[in-house]
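One structure below.
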Number of protein chains: 2
Amino acid sequence: MPFRPRYTGLIDKYRDRLPVHDDTRIISLGEGNTPLIRLNNIPRECGRDIDLYVKYEGLNPTGSFKDRGMTMAVTKAVEDGCKAVICASTGNTSASAAAYAARAGIAAFVLIPEGKIALGKLAQAMIHGAVVLQIRGNFDEGMRLVKEVAQNTPVTIVNSINPFRLQGQKTAAFEIIEELERAPDFHCLPVGNAGNISAHWMGYSEYLEHGIVNNRPRMIGYQASGAAPFLRGAMIDNPDTVATAIRIGHPQSWELAWKVREGSDGWFDECSDEEILAAQKLLTEKEGIFCEPASATSLAGALRDIDSGKIPAGSSVVCTLTGHGLKDPDTAIRQCAGGVISVDAALGPVRDAIVENLA
Amino acid sequence: MPFRPRYTGLIDKYRDRLPVHDDTRIISLGEGNTPLIRLNNIPRECGRDIDLYVKYEGLNPTGSFKDRGMTMAVTKAVEDGCKAVICASTGNTSASAAAYAARAGIAAFVLIPEGKIALGKLAQAMIHGAVVLQIRGNFDEGMRLVKEVAQNTPVTIVNSINPFRLQGQKTAAFEIIEELERAPDFHCLPVGNAGNISAHWMGYSEYLEHGIVNNRPRMIGYQASGAAPFLRGAMIDNPDTVATAIRIGHPQSWELAWKVREGSDGWFDECSDEEILAAQKLLTEKEGIFCEPASATSLAGALRDIDSGKIPAGSSVVCTLTGHGLKDPDTAIRQCAGGVISVDAALGPVRDAIVENLA
């Protein structure tokens, strides 16, 4: 008989590794359990013997990895009697906070940078019923304001400075280990606020400590060149990049991420906007996987380091794709100038257009 | 030890129930395995004792249920030596065809109705590298042209008239049965081309025939009032609805769907655009689940039939949410007029806006 327990989200699944009680009311949308997809065409075309996977976090309920942390943060906020959550966001956190707050029946306040948020993310925060405050400033200023406001207002911060967020996010590493039956040799992530790379390292370290595996990956964090404080060795004040999800100059997990680099013998590197968009397009055209620009930073960097041999032949490599491409349709369409052919609804012109393009 | 086989898509999982061989090259993006989410707040608020679930098919790789059929259709097309696929589409089929063709390394031609396709879907077809033909006509005209063109051009049709499509799609019923340990009492679906309701019935019937369960659901198909040939009892020529994914007047699975209604003792009904959008908003605001407008047709109809008692108290009900809300950000934002508050990046105005909305 093929019956199996209904999948009810990552807290239920990893209950014994997360800070919840037997009677905790779980706020879940079935997050986690995302596919680890092996790339076929890109490794073959680049001619390197690499076992290359993407962890497609865009298939979480709100379309990004943030849901892994948000189910924990909102569950704990509700347990503590909180009636409202707040976050600063480049878009994905606000979408996730708005959705989980709706599921919990509490209020959500989100601060987003005016004009610098992808269309899909804005739609999400709005339709889930969050109070959307568009500030005349960037993410870092929003983050500062959220901390100030929360000091004397009854709202719980659900940015990744909320420690429960990283607890939830560490489960992505658990899933990868369970499917590969070991940790990969390298794990590549886009780095903005630097919470996710820290959370993955927590997860890998926990499975090592508990004897489930005997290895951990080297962690590689790639930043957009215009928003690369880890490369500059200092916070920066005016970050800018097409990869809006990592347009952050003052990462909140600064210390944690440096420790990950040290502890894993990993490294940070940067990618230009052109490299990021090229990797996004390569992945959609060659593998059929559509991620948002920021997500492609992990692949852009990995491919460069594979090509140079810094990631040596024979390695297993996982790239995290943080968000779905549908989050940012405008940037995708801008990459495809001249991509649509308008024709009359008649056989002649349709057949002509097809035959011409079949050649 | 928590190791488990890496999930590699629904063909690998249901290999013995699908028309593939041991040496078939599977074209997969890790589709299927979508969450069946139990609604909490909506049943409580409507005061009916109903076990109500949504099958969130928007969490397939390209954001819609079409991927279940497309992995089969493209796998078989490649097995047969085909070098190009073609479809007519209101958007989701073209996104899926483009993605799976990219993964397979073959060409995709998609015919979409000019100006009547949601932004996210257009972005998908374009960035995956499909040849996008925007025809001055609707889906039904596109479908007719696709059939004509395929007669003397070396392209394989991957619309749901391709029999492998429904084979793949039937697996959604398998998953529901496996998680509920029985079939639900009622299964509600949006009906456009009518392939999906037919595929679900195939899946339910197969598990019944093989003795895995001893029940099947009553199948309910809801259409948008402006595109409701099953309600009119005849094809219609100028369908119109905000639910663009089911803006179809000449359903290709016409005969099949009538047989489903008869065989399952089910029914068809219709929902107005206002009811559809209201259900979409209700689901996002009360449960944190964002689907595209067409998807909400299943919930809109189900809630009405639950309220009237046509779906009796004590029933288990599954509503299929066919596509993710991110497919159509514009329609979502139009539902949220006045939803964004612009403020300076300073504590005073931010705190004021929050305190005002906390009250």
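Normalised by the number of residues in region A:138-261, the average gap of Cα pairs under 8 Å and 6 or more apart makes the relative contact order 26 percent. Considering the rotation that superimposes chain A on chain B, the residue of A whose beta-carbon lies nearest the axis, and that distance in Å, is A:Leu326, 2. Taking the charge dipole of region B:1-102 about its Cα centre, with +1 at Lys and Arg Cβ atoms and -1 at Asp and Glu Cβ atoms, the residue from B:Cys87, B:Ala73, B:Ile27 reaching farthest to the positive side is B:Ile27. For region A:128-173, dividing the convex hull volume of the Cα atoms by the residue count gives 118 Å³ per residue. Under Stokes-Einstein, with the Kirkwood radius over Cα pairs as Rh, the value for region B:229-292 at 25 °C and 0.890 mPa s is 181 µm²/s.
Once the other residues with Cβ under 10 Å from the Cβ of A:Tyr222 are scored (Lys, Arg +1; Asp, Glu -1), what is the net sum? Computed value for this residue: -3. Computed over protein heavy atoms with a 1.4 Å probe, the accessible surface of region B:146-283 works out to 35 Å² per residue. The distance from the alpha carbon centre of region A:286-359 to that of region B:64-107 is 15 Å, rounded to a whole number.
Plainly put, the tip 7 Å out from Cα toward Cβ on B:Glu262 is 7.5 nm from that tip on each other copy, the closest given first. Under the convention that each Lys and Arg Cβ holds +1 and each Asp and Glu Cβ holds -1, the size of the dipole of region A:167-275 around its Cα centre is about 280 debye. Take each residue in B:177-183, count the other chain C-beta atoms within 10 Å of its C-beta, and the mean is 3. Principal axis extents of the C-alpha atoms in the protein assembly as shown (largest first, rounded to whole Å): 66, 60, 49.
3J(HN,Hα) along region B:55-65, derived from phi through the Karplus expression 6.51 cos²θ - 1.76 cosθ + 1.60 where θ = phi - 60°, amounts to 9, 8, 6, x, 8, 6, x, 9, x, 8, 4 Hz, with x in place of Gly and Pro. Rg and Dmax over the alpha-carbon atoms of region B:195-243 stand at 14.9, 44 Å.
With a 1.4 Å probe, how much accessible area is buried between chains A and B, both sides summed, in Å² to the nearest hundred?
8500 Å²
Counting only protein heavy atoms and using a 1.4 Å probe, what share of the accessible area of chain A belongs to carbon plus sulfur, as a whole percent? The nonpolar share, carbon plus sulfur, comes to 47 percent. Considering only alpha-carbon pairs that sit under 8 angstrom and 6 or more positions apart, the relative contact order computed for region A:19-148 is 21 percent.
For the residues of A:131-140, the average number of beta carbons from a partner chain within 10 Å of their own beta carbon is 5. Give the relative contact order (percent, whole number) for chain A; include only Cα pairs under 8 Å separated by 6+ residues. Relative contact order of chain A: 19 percent.
Taking every residue in B:32-43, how many Cβ atoms of other protein chains lie within 10 Å of its Cβ, on average? Mean partner-chain Cβ count within 10 Å for B:32-43: 4.
For region A:117-254, just run the numbers: alpha carbon Rg, then divide by 2.2 N^0.38 Å, N being how many residues it has.
Details: Rg = 17.0 Å, N = 138, 2.2 N^0.38 = 14.3 Å.
It is 1.19.
Radius of gyration over Kirkwood radius for region B:162-216, both on Cα atoms: the Rg/Rh ratio is 0.96. The phi torsions of region B:156-167, fed into the Karplus equation with coefficients 6.51, -1.76 and 1.60 and a -60° offset, translate into couplings of 9, 6, 10, 5, 6, 6, 6, x, 5, 4, 5, 4 Hz, rounded to whole numbers, with Gly and Pro shown as x. With the label put 7 angstrom out from Cα along the Cα-to-Cβ vector, A:Ala359 ends up 7.1 nm from the copy partners, going from closest to farthest.
Relative to the Cα centre, the charge distribution of the protein assembly as shown, modelled as +1 at Lys and Arg Cβ and -1 at Asp and Glu Cβ, gives a dipole magnitude of about 360 debye.
Every pair of different Cα atoms in region B:1-63 enters the Kirkwood calculation, which places the hydrodynamic radius at 14.7 Å. Out of every Cα-Cα pair that region B:1-135 contains, those further apart than 24 angstrom amount to 41 percent.
Taking the Cα centre of chain A as origin and assigning +1 to Lys and Arg Cβ atoms and -1 to Asp and Glu Cβ atoms, the resulting dipole is close to 680 debye. Once the Kirkwood radius over Cα pairs is known for chain B, the Stokes-Einstein relation at 37 °C and 0.692 mPa s delivers a diffusion coefficient of 157 µm²/s. Between A:Asn159, A:Ala130, A:Ala173, the Cα set farthest toward the positive side of the dipole of region A:128-186 (charges on each charged residue's Cβ, about the Cα centre) is that of A:Ala130.
Using Cα-only point scatterers and the Debye equation, what is log10 of I(q)/I(0) for region B:254-359 at each q in 0.10, 0.14, 0.21 Å⁻¹, rounded to two decimals? Those come out to -0.44, -0.72, -1.15, one per q.
Plainly put, the tip 7 Å out from Cα toward Cβ on B:Leu347 is 7.5 nm from that tip on each other copy, the closest given first. From most to least packed by mean Cβ count within 10 Å, the peptides A:62-71, B:200-209, A:205-214 give A:62-71, B:200-209, A:205-214. Accessible surface for region B:4-100, divided over its residues, is 31 Å² per residue with a 1.4 Å probe.
For region A:61-148, the alpha carbon convex hull comes to 83 Å³ per residue, rounded to a whole number.
From helices alone, chain A scores -13000 deg cm²/dmol at 222 nm; the rule is -39500 (n - 2.57) for each run of n ≥ 4 DSSP H residues, then divide by the residue total.
The values are calculated or read from the model by the stated rules, or taken from the named source; none is laboratory data. Quantities reported herein were computed from a predicted structural model and do not represent experimental measurements. Note: ideal-geometry Cβ built from the backbone for every residue, glycine included; neighbour counts use all protein chains shown. Keep in mind that these areas ignore ligands, DNA and RNA; they rest on the heavy atoms of the full protein, side chains included. Shrake-Rupley method; radii C 1.70, N 1.55, O 1.52, S 1.80 Å.
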